[in-house]
Amino acid sequence: MTTTTPRSRLWRPAVAAGAAIAVIAGVAAAAPDGKMAAPTPRLGLIAASESVTLDSWKDDPGVYLDLGTYLTAGGSPFELRVTRKSYKDPVVATQVIRRGTKTITRALPKGTVKDFSGLPGFMKITVTDAAGKTVINRTESFCPNNASGRIRPDAPATSKYPESCPVNPFTLGSVWGVEKGWASNTYAGYYSAPVALGVGKYTAKVSVTKRYRDLFEIADKPQTVKVTVRERGDGESGAGAVGRSAHDSHTAGHGTGHTGGHTAGHPAGQQAGHAGHIVPRSPAPASATNGAGPAYNVGHGPYAPAPAALPWALKREALRAPQGRDGRGSTDGSRQAPAVQPQAKRPTGKATVPNVPKPDLRSLPAYGITISEGDGSAPGRDFLAFSANVWNAGPAQLVVDGFRAPGKELMDAYQYFYDASGKQVGYTPTGTMEWDPRPGHEHWHFTDFASYRLLKADQKETVRSGKEAFCLANTDAVDYTVKNANWHPYNTDLSTACGQENSISVREVLDVGSGDTYTQDLPGQSFDITGLANGTYYIQVLANPEKRLKETDLTNNSALRKVVLGGKPGARTVTVPAHGLVDAN
């Protein structure tokens with residue numbers, strides 16, 4: 001199966017979730033299989049409130065079913081490892097059962113998961129109107145990593161699990177979980193389409209579907225929530241303003257090709273945290289009264305950043321602030337972490353590359369492939385645009401510091417090495433960093449991190465992209481099952497992570513298990529194909545092309561994606577065949 005993409009604008013999804021709650025969970029006992037009884041998480045379904053109010057907008061009707069229901073984990077965490085051996089193999093899931101010092105695993109039935117976005121068909125939602133007529137009867141997926149909160153005072157203060165389910169089509173491994181004594185919001189967000197509900201009163205019945213009740217031995221205890229749908233219009237304030245703001249930024253986002261700190265909904269020059277190098281699709285509207293907020297993949301593309309599970313008091317403070325502003329606890333709804341600090345001064349003494357763990361840079365196949373028009377500097381030309389990701393398979397972080405001599409345009413870059421205790425034990429020069437002034441970038445790029453090439457059918461080079469410099473950031477959870485993967489990478493907003501024009505030094509980090517995506521609407525993320533003949537080509541994403549960075553393995557740095565060009569000048573098309581089982585352009 002292939003996908004043909006004509007010249008068009010692109011949009012990108014985000015997933016929304018809930019926030020912290022304080023409720024008491026109902027639980028049910030479980031066992032991993034019939035062979036050997038073993039303790040498992042006691043899972044239950046609860047509703048945070050008996051009633052919710054949902055908003056429908058006059059100019060954009062549709063209601064998102066954020067009903068405030070949560071899956072709880074009692075005696076031990078609920079944990080799943082979701083993996084695939086290669087892009088030719090299906091995605092499979094394994095449950096990890098932790099009880100004290102013992103760990104038991106069991107493979108879940110084939111077909112339990114289809115991708116990395118969550119458990120499909122997990123929730124069943126039935127909505128009836130005031131007359132008792134069923135108006136909605138649907139199932140929705142569930143991401144255990146949705147924003148969550150503690151349900152008991154003796155529960156761990158923080159959850160060890162990641163804060164979202166990855167949606168990069170070339171994800172290799174993910175960890176999903178609900179911490180012991182915690183509850184995770186079952187709201188599916190933009191993975192679920194809005195529903196048509198007129199103004200009025202309704203009753204929603206929410207339950208876990210039988211398939212998953214049997215699989216995880218969850219008690220059959222549906223939750224009933226009274227629903228009030230109200231209509232709102234432009235200019236209104238109050239609780240519904242959150243949903244309105246989300247809609248506005250979504251609409252505005254379609255009108256711009258710039259990224260990250262330059263979204264259309266932001267004041268001129270205002271940085272949008274680590275929202276990335278793109279204008280993300282806004283989070284699905286949520287009621288401001290229940291503390292629900294967005295949970296994302298991290299990224300400067302194609303998804304907005306992952307916030308921590310913020311206390312409701314801080315969420316409420318952010319909701320009162322002007323929407324779309326950048327500040328403590330709120331960058332379009334996300335949390336902004338402090339910048340990663342470089343060394344106080346450039347290293348001295350002899351450069352050494354010690355025998356300690358090093359990063360392993362790998363490339364994902366290109367995706368988000370489309371034909372785009374030239375910008376104002378190249379009118380009338382055809383470009384093949386694409387998204388690309390280079391990730392770190394570990395077992396060590398990639399840490400690069402840049403130091404600038406006063407008055408110099410370039411920074412000198414150094415790669416640092418650490419022992420098992422985290423002590424720096426060596427460094428080596430590794431090129432330079434340069435300031436990129438282009439809209440959508442405007443930060444320091446590490447040169448020669450990756451290279452993009454368009455190859456002919458015989459896989460000989462045809463066109464090379466001008467982009468070979470990058471601001472390193474943990475934008476996508478590519479494989480959190482690799483050794484030493486950091487499930488909570490230290491992310492920052494790009495204006496600080498990658499410095500400012502007057503910065504004297506910068507530290508850029510690519511953590512184990514995470515990758516750095518640059519999306520197709522950025523300068524340099526395309527090939528000029530105006531003069532190329534129609535036919536078969538390959539997009540090559542090549543990590544560490546000059547081999548300046550020290551890695552554990554230099555043989556796995558290249559990834560190819562087949563494309564077929566067609567059409568006529570000014571109306572070119574691209575057909576993108578499936579890559580193994582991944583049928584995403």
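The values are calculated or read from the model by the stated rules, or taken from the named source; none is laboratory data. Keep in mind the model is a prediction, meaning the values are calculated, not measured. Positions of Cβ are backbone-derived with ideal geometry, glycine not excepted, and every protein chain shown enters the neighbour counts. Side chains are part of the model used for accessible areas, which takes the heavy atoms of the whole protein and leaves out ligands, DNA and RNA. Shrake-Rupley method; radii C 1.70, N 1.55, O 1.52, S 1.80 Å.
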For this session: Collect the residues in the range 129-146 that are over 22 Å from Thr83 (Cα atoms) and either free of Cβ contacts under 8 Å to residues at least 60 places away in the same chain or surrounded by 23 or more Cβ atoms within 10 Å (Cβ to Cβ) (or both), keeping them in residue-number order.
Result: Ala131, Gly132, Lys133, Thr134, Asn137, Arg138
For this session: With respect to Leu65, determine if the residue is of a type in the set (A, V, I, L, M) and assigned to a loop (DSSP other than H, G, I, E, B).
Result: yes
Exercise. Based on what the data block shows, is Val195 modelled with pLDDT of 95 or more, under 24 Å from Thr228 (Cα atoms) and β-branched (Val, Ile, Thr)?
Worked result: no
For this session: Out of the residues in the range 100-128 that are open to solvent by less than 70 Å² (accessible area, probe 1.4 Å), of a type in the set (A, V, I, L, M) and not in a loop (DSSP other than H, G, I, E, B), state the one that is nearest to Trp176 (Cα to Cα).
Result: Leu119
Seminar exercise, completed: Residues of the range 539-577 being under 15 Å from Asn389 (Cβ atoms) and touching a Ser or Thr at 6+ places or on another chain (Cβ under 7 Å), in sequence order, are Gln540, Val541, Leu542, Ala543, Asn557, Ser558, Ala559
Exercise. Hey, does the range 155-178 have a residue that's open to solvent by less than 10 Å² (accessible area, probe 1.4 Å), more than 21 Å from Thr94 (Cβ to Cβ) and in contact (Cβ under 8 Å) with a residue 60 or more places away in the chain?
Worked result: no
Problem set entry | Search result, residues across the range 327-374 that are among the small types (Gly, Ala, Ser) and either at pLDDT 50 or above or outside any loop (DSSP other than H, G, I, E, B) (or both) | Gly327, Ser330, Ser334, Ala344, Gly349, Ala351, Ser363, Ala366, Gly368, Ser372, Gly374
Exercise. Can we say Tyr537 is open to solvent by less than 10 Å² (accessible area, probe 1.4 Å) and of a type outside the set (A, V, I, L, M, F, W, C)?
Worked result: no
For this session: State whether the residues of the range 409-420 include one that is modelled with pLDDT of 90 or more, surrounded by 22 or more Cβ atoms within 10 Å (Cβ to Cβ) and charged (D, E, K, R).
Result: no
For this session: Within the range 76-99, identify whether any single residue is assigned to a loop (DSSP other than H, G, I, E, B), at pLDDT below 95, open to solvent by less than 20 Å² (accessible area, probe 1.4 Å) and polar (S, T, N, Q), and answer yes or no.
Result: yes
Exercise. Going by the conditions given, is Leu565 at pLDDT below 90, touching a Gly at 6+ places or on another chain (Cβ under 8 Å), surrounded by 17 or more Cβ atoms within 10 Å (Cβ to Cβ) and aliphatic (A, V, I, L, M)?
Worked result: no
Problem set entry | Single condition Gly149 does not satisfy, out of (1) open to solvent by less than 40 Å² (accessible area, probe 1.4 Å); (2) within 30 Å of Ala366 (Cα to Cα) | (2)
Exercise. So which residues in the range 144-199 are of a type in the set (Val, Ile, Thr), under 16 Å from Met123 (Cα atoms) and assigned to a loop (DSSP other than H, G, I, E, B)?
Worked result: Thr186
